[in-house]
1. Within the chain, which whole H helices from DSSP have a Cα span along their axis of at least 24 Å and a mean Kyte-Doolittle hydropathy of -0.5 or more, if any?
2. In whole Å, what is the distance between the alpha-carbon centres of segment 20-50 and segment 93-116?
3. Which residue fluctuates most in the GNM of the chain (Cα springs below 10 Å): E18, E189, E96?
4. If you place +1 on the Cβ of every Lys and Arg, -1 on the Cβ of every Asp and Glu, and leave all else neutral, what size is the dipole of the chain about its Cα centre, to the nearest 20 Debye?
5. Which stretch or stretches of segment 1-26 have amide N atoms under 13 Å from the point lying 7 Å from E189's Cα along the Cα→Cβ direction?
6. Compare D72, D150 by solvent-accessible area with a 1.4 Å probe and give them largest first, with all protein chains kept in place.
7. Place a +1 charge on the Cβ of each Lys and Arg in segment 1-96 and a -1 charge on the Cβ of each Asp and Glu, then give the dipole magnitude about the Cα centre in debye, rounded to the nearest 20.
8. For the chain, what is the accessible area per residue in Å² when the probe is 1.4 Å?
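The values are calculated or read from the model by the stated rules, or taken from the named source; none is laboratory data. If you're wondering where the values come from, they're calculated on a predicted model, not measured in any experiment. No Cβ is skipped: glycine too gets one built from the backbone with ideal geometry, and neighbour counts run over all protein chains shown. Just so you know, the surface numbers come from the protein's heavy atoms only, side chains and all, with ligands and any DNA or RNA stripped out. Shrake-Rupley method; radii C 1.70, N 1.55, O 1.52, S 1.80 Å.
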Amino acid sequence: MAETEALLAAWSERSGGEAEAWARARPGPRLDAVAARISGIPQEFLDERIALRALAGDILGVQLAAQRFDDDPRVRQGAAIGLWLAASEGLLEPFEPALSTGWTALAVDALALRVAPVAAPSAWTSDDERRIEAARTFLLWCGFLPAGEDAATASSLLAACDSLARDRALAEAYEGHRHRADIARKLQEARRKEAAARYSSE
């Protein structure tokens, strides 16, 4: 099983920053509809004999960052629940508006690498608060705000149920990873601009 801090570090590198996620979020499906669908996940999605790589390939047609840690049951279950949310639109009915966006794989990784390491996915189907946390997280990283909420309201309500924030030591470590990932992104962008300027002047 992977170290929790390693999973959070992988998420920090993958996420691109929470501020960007809130900035691109637009009105989305009802929170209770997403949460109810988490409760109704078919057991075959949680079957550990099904490889995460195969499940993600069948549903999204892309690889997930979470696949690097698919030997961790928390990661496997968190990703499976996110993949169920995506697949359920074709198997049951689409949400309104539909979840399928260019950010769906990122939302699945958010559940697997950001929420699952600190809030066991096995509780998401039975614990109301953990289910709401998972639904809110999925919506945010999919590019949506819960229906009827603005960004400020959605942000404060997600913060109120954030399992990571309750674990001070882990939260501090995560902030460190997030800060380093942010600096690395800024350096990469500066290098890209410098290379482009050098190329255009030649």
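1. Values: long enough: 73-91 (26 Å, 0.36); 168-201 (49 Å, -1.26).
TM-like helix candidates: 73-91.
2. First find each Cα centre; the distance between them is then 6 Å.
3. It is E189.
4. Values: 24 positive and 31 negative charges, 123 e Å.
Charge dipole, the chain, about its Cα centre: 580 debye, nearest 20.
5. 16-21
6. Numbers: D72 0, D150 85 Å².
Heavy-atom accessible area, descending, gives D150, D72.
7. Numbers: 10 positive and 16 negative charges, 36 e Å.
Result for segment 1-96 is approximately 180 debye, rounded to the nearest 20.
8. Working: 10110 Å² over 202 residues.
Value returned for the chain: 50 Å² of accessible area per residue.
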